Amino acid sequence: MKLHTEIQGSTEWAALRSRYYTASNAAAMKGCHPTKQRNELLRETKTGIVADVSDFVEARVFAPGHATEAAARPLAEAEIGEDL
């Protein structure tokens, strides 16, 4: 595993995700992602063309996920004794 320190959502983070498979892609790589098939991930990686995210998906899928992650981060940080 290689640790990267780019800030999520930053230009550097987006560039990193366009060059490497990251943990965010693990479920699609394993074929168990609820909305992205493995072949779709491979096609995106090969072509560099990523489907646009609709406002609905942003509001109903990503936003709640980001909120959950933000709420869980202090708990995880307290458990491991490090900043995430």
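The values are calculated or read from the model by the stated rules, or taken from the named source; none is laboratory data. Keep in mind the model is a prediction, meaning the values are calculated, not measured. Virtual Cβ from ideal backbone geometry, glycine too; neighbours counted across all protein chains shown. Heavy atoms of the whole protein, side chains included, go into the accessibility calculation; ligands, DNA and RNA do not. Shrake-Rupley method; radii C 1.70, N 1.55, O 1.52, S 1.80 Å.
Rundown of residues vs (1) among the hydrophobic types (A, V, I, L, M, F, W, C); (2) modelled with pLDDT under 90; (3) closer than 22 Å to D83 by Cα, yes/no style:
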{"position": "K2", "(1), (2), (3)": "no, yes, yes"}
{"position": "A14", "(1), (2), (3)": "yes, yes, yes"}
{"position": "R17", "(1), (2), (3)": "no, yes, yes"}
{"position": "A23", "(1), (2), (3)": "yes, yes, yes"}
{"position": "T35", "(1), (2), (3)": "no, yes, no"}
{"position": "L41", "(1), (2), (3)": "yes, no, no"}
{"position": "T45", "(1), (2), (3)": "no, yes, no"}
{"position": "F56", "(1), (2), (3)": "yes, no, no"}
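Residues that are of a type outside the set (D, E, K, R) and open to solvent by 90 Å² or more (accessible area, probe 1.4 Å) were ranked within region 19-49; the one that is nearest to the chain's Cα centre (by Cα) is A23. A Cβ distance below 6 Å, combined with a sequence gap of six or more or placement on separate chains, defines the contacts here; from region 1-25, residues that are under 17 Å from R38 (Cβ atoms) and without any contact (Cβ under 8 Å) to a residue 24 or more places away in the chain reach residues that are open to solvent by less than 100 Å² (accessible area, probe 1.4 Å) and in a helix (DSSP H, G or I) in the pairs N25/L41. Just one of the listed residues (R60, R73, R38) is out of contact with any strand residue (DSSP E or B) (no Cβ under 6 Å at 6 or more places or on another chain) and either over 21 Å from G9 (Cα atoms) or of a type in the set (A, V, I, L, M, F, W, C) (or both), namely R38.
Please determine whether any residue of region 1-13 is aliphatic (A, V, I, L, M) and surrounded by 11 or more Cβ atoms within 10 Å (Cβ to Cβ).
no
Return the residues of region 52-77 that are among the aliphatic types (A, V, I, L, M) and either open to solvent by less than 90 Å² (accessible area, probe 1.4 Å) or touching a residue at least 60 places away in the same chain (Cβ under 8 Å) (or both); say none if nothing qualifies. Answer for region 52-77, where residues must be among the aliphatic types (A, V, I, L, M) and either open to solvent by less than 90 Å² (accessible area, probe 1.4 Å) or touching a residue at least 60 places away in the same chain (Cβ under 8 Å) (or both): V53, V57, A59, V61, A63, A67, A70, A71, A72, A76.
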